[in-house]
Amino acid sequence: TTTTTITTTTTTTTTTEASSASAPVTTPPPDGGNTGRVDVLLPQKPNVLLLMADDFSWSDAGFMGSVFHETPFLDKLASEGLVFLDAYANGPNCAPSRASMMSGTWTTRHGVYSVGSTERGPDFKGKLETPPSERAVNTSKFVTIGKAMQDAGYYTGYNGKLHIGSDALTMGFHENIAGNQWGNPSPGGGFFSPWNFPNLVVPTVGEYLTDRQGLEAESFITRAITLGRPFFLYLAYFAVHTPLQGKPELVAKYTAKEGSTYEDNPKYAALIESMDTDIGRVLAFLKQQGLDRNTVVVFTSDNGGIGDTLNYPLKGGKGMLYEGGIRVPMIVRWPGVISPDHTTFPVIHTDLYATIVDLANHVDTGGIYDGTSFKDVLLGMPPRETPDLFWHFPGYLPGNANSGYHVVGFRQTPATAVRRGRYKLITFFDTCHVELYDLENDISESNNIASSQPNVARELHSVNLRWRRNTKTPSIGSCRQFRTKPPKSPMQVCVTSGAKCKKATCCEGLVCMAVQGKARCVAENLATRDPGNCPNKCVRQCKTDCVALGPGCYVKRDVFGCRKYCKCIAP
């Protein structure tokens, strides 16, 4: 048997003012990660502003191809910084991703695997016993990014959604605005005041949460200036997570705007524009204070988009180990140091943690870190071997007729994944079958090549097994032997809305019918309608159920959320 060696060098066309520096020196990676620094002398110690969006997909912004969402300030930031086209969150949903960004460790170390229970969805024969998920980062075990930046001499602030602990003050931050265990703003009052968040109690009516987060960010920066300290601000927007509560004038604006096949939700678009505007205001404040050229600004998201955006051209969405659930946008800007460009060098949020503390000249005090600093990539140095990236989700997430996911029974079952260079392997523990994708040629993960490339699948499977052993991952079935094709899966309890149904049973309330020439599961109240051409209003508007929008015009929220097909009653 011959062994296929996977090439892992990825190039970038970036050049910078610091490109003449010597080649980077890093620490060898233990246990699938490292404490590696890049030994390069920087002009000065920068401030750091980390902008974390919530549920914002890889393709939601204009600079990533959106034509419906208006993001002029993010687009400008992208034109001034380095855009990472192959950036990833460490988990497919909020809590595990945020725990890795906070701790700098893989999900298998910190144990925050999911939001709440890992036992979600209907029971079925053969369903695996899943490990419990931690709800918070263990600050006695891990050095949080807040603590690392404090130790490096920074004044640290947390602003917004935390979701992995009761108070950011216990995680190395000098200030905490609105951060606690809540996963969305609803318990605190939603996007419109009055609010009752930690350190953000506003009894008056009508103020907008995203705007207020920006104002609080400006106040924090002002206090850091007064103290004469470099600052690290983790600005974690609640947007664009549900509830979809956009400003009425923006909702009206996008309702009147022509949507596309993949983007047409006015409320979601309104949330995006408000966040973009606030980012623009905070960046303008930095410039007014003369801090923009000595501040590293990072923009990213905690995971892929949910049912209100399609994540096109990526497959899947939030909660899934396909690219749509874990690949996220990322921009890093430092004027005069990082040259504007884009790169396909793959990075993950644990690498972002390592890079931020590296830029801050943090001295390692013996903590556990799994990331690799990509400061060398920022500075345009010669390309190096890309690190392996890992994901582990040992739980169940259901996908039902109204979930917004094109799946069968569940949107995610227990699985683990690895990316090495251009190849990505996902192993599903229920069936021990694997899916192998060549992301360089198949970003949509439409062609599983595990059967045609068994040596590559075998190599990546071994890499993932070794990583799980080294990080002491709780067992959920090792799958030491794998299949390249899945058997008939016990999890296929029924077929959800929009999924193929020629040889399967549709879920309750759905019937199998022809939609654009293909057999799909469709809501019963649409099955009697004759296909036709609907007016633009029908195509644009989004309703939660089949609703008449005019003479003979009906619209139904399909499996992607607000991506609808229309049905019109024949004359």
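The values are calculated or read from the model by the stated rules, or taken from the named source; none is laboratory data. Everything numeric in this text was worked out from a predicted model, so none of it was measured. Don't worry about glycine lacking a Cβ; one is built from the backbone with ideal geometry, like all the others, and counts go over all protein chains shown. Quick note on the areas: whole protein, heavy atoms, side chains included, nothing else; ligands and nucleic acids left out. Shrake-Rupley method; radii C 1.70, N 1.55, O 1.52, S 1.80 Å.
The residues in the range 359-397 that are outside any loop (DSSP other than H, G, I, E, B) and in contact with a strand residue (DSSP E or B) (Cβ under 8 Å, 6 or more places away or on another chain) can be counted, and the count is 11. Among the criteria (1) open to solvent by less than 30 Å² (accessible area, probe 1.4 Å); (2) assigned to a helix (DSSP H, G or I), the one GLY165 does not fulfil is (2). Within this structure, PHE173 passes the test of being modelled with pLDDT of 95 or more and at negative phi. Collect the residues in the range 411-422 that are more than 15 Å from TRP467 (Cβ to Cβ) and part of a strand (DSSP E or B), keeping them in residue-number order. Selection gives ARG411, GLN412. A count restricted to the range 68-107 and to residues that are open to solvent by 10 Å² or more (accessible area, probe 1.4 Å) and part of a helix (DSSP H, G or I) stands at 7. Only residues that are modelled with pLDDT of 95 or more and part of a loop (DSSP other than H, G, I, E, B) were counted in the range 144-162, giving 4.
This table checks each residue for (1) assigned to a helix (DSSP H, G or I); (2) under 21 Å from the mean Cα position of the chain (by Cα).
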residue	(1), (2)
ARG212	yes, no
PHE220	yes, no
ILE225	yes, no
PHE232	no, no
LEU235	no, yes
GLU249	yes, no
SER274	yes, yes
LEU286	yes, no
VAL298	no, yes
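Scanning the range 306-358 for residues being in contact with a helix residue (DSSP H, G or I) (Cβ under 7 Å, 6 or more places away or on another chain) and assigned to a loop (DSSP other than H, G, I, E, B) gives a total of 15.
Take the conditions in contact (Cβ under 8 Å) with a residue 24 or more places away in the chain and not aromatic (Phe, Trp, Tyr) and apply them to GLY228. Does it pass?
Working: in contact (Cβ under 8 Å) with a residue 24 or more places away in the chain: no; not aromatic (Phe, Trp, Tyr): yes.
So GLY228 does not fit the description; no.
Applying the criterion of being among the hydroxyl-bearing types (Ser, Thr, Tyr) and open to solvent by less than 50 Å² (accessible area, probe 1.4 Å) to the residues of the range 220-251, the residue that is farthest from LEU50 (Cα to Cα) is TYR237. Per the listing PHE63, PHE56, the residue uniquely aromatic (Phe, Trp, Tyr), modelled with pLDDT of 95 or more and in a helix (DSSP H, G or I) is PHE63. When VAL38 is tested against (1) farther than 21 Å from ARG469 by Cα; (2) open to solvent by less than 10 Å² (accessible area, probe 1.4 Å); (3) at pLDDT 95 or above, exactly one condition is not met: (3). Residues of the range 186-219 that are open to solvent by less than 20 Å² (accessible area, probe 1.4 Å) and within 19 Å of ILE279 (Cα to Cα): PHE191, TYR208, LEU209, THR210, GLN213, GLY214, ALA217.
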